[in-house]
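Asks: Pasting a structure below so you can have a look.
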């Protein structure tokens, strides 16, 4: 029989990379993502006796990650003005690396909740219902936030860049 510490360690070893990816895409920077993931795992560990025995703990931990990322973004916005990136006159070259940088800049320009919805829906490939459960909101909210976020990205990056992501 494994202890709670061993079960938690096994969970982190198995799902840590995926959780870090979610944190990185939600936060926008690798360093901040590591901090958010560490805080989320710390919170989850404190309640692992309940989480480990119940259903899959991953959605709960993803929700912690998203909430922490949104809270951090709000604190930064209160403490200082966040400069916005102006879109280039022409979209960047279509090479994968350059496109990734353009998309990351676009994601950083979105409101934290909109960024979280896009990350969960398109990078984590969640359904609207799964994203709603993770975010603790209704499916309608996920739909409207997705629509608004994509419209904002189209304005920032141009229709052809946003369309090329789906290809």
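The values are calculated or read from the model by the stated rules, or taken from the named source; none is laboratory data. Predicted model, so just to flag it, every value in this text is computed and none were measured. Methodologically, a virtual Cβ is constructed for each residue, glycine included, from the backbone with ideal geometry; neighbour enumeration extends over all protein chains shown.
Asks: Taking residue 21 as meeting all but one of (1) at pLDDT 90 or above; (2) buried (at least 17 other Cβ atoms within 10 Å of the Cβ), write down the number of the exception.
Replies: Just one mismatch for residue 21, condition (2).
Asks: Still on this structure, please answer the following. Look at residue 109 and say whether it is modelled with pLDDT under 85, within 23 Å of residue 148 (Cα to Cα) and surrounded by 14 or more Cβ atoms within 10 Å (Cβ to Cβ).
Replies: no
Asks: Answer yes or no as to whether residue 66 is within 17 Å of residue 22 (Cα to Cα) and at pLDDT 90 or above.
Replies: Yes, satisfied.
Asks: For region 114-132, give me the residue count where each residue is in a helix (DSSP H, G or I) and crowded, with 18+ Cβ neighbours inside 10 Å.
Replies: 10
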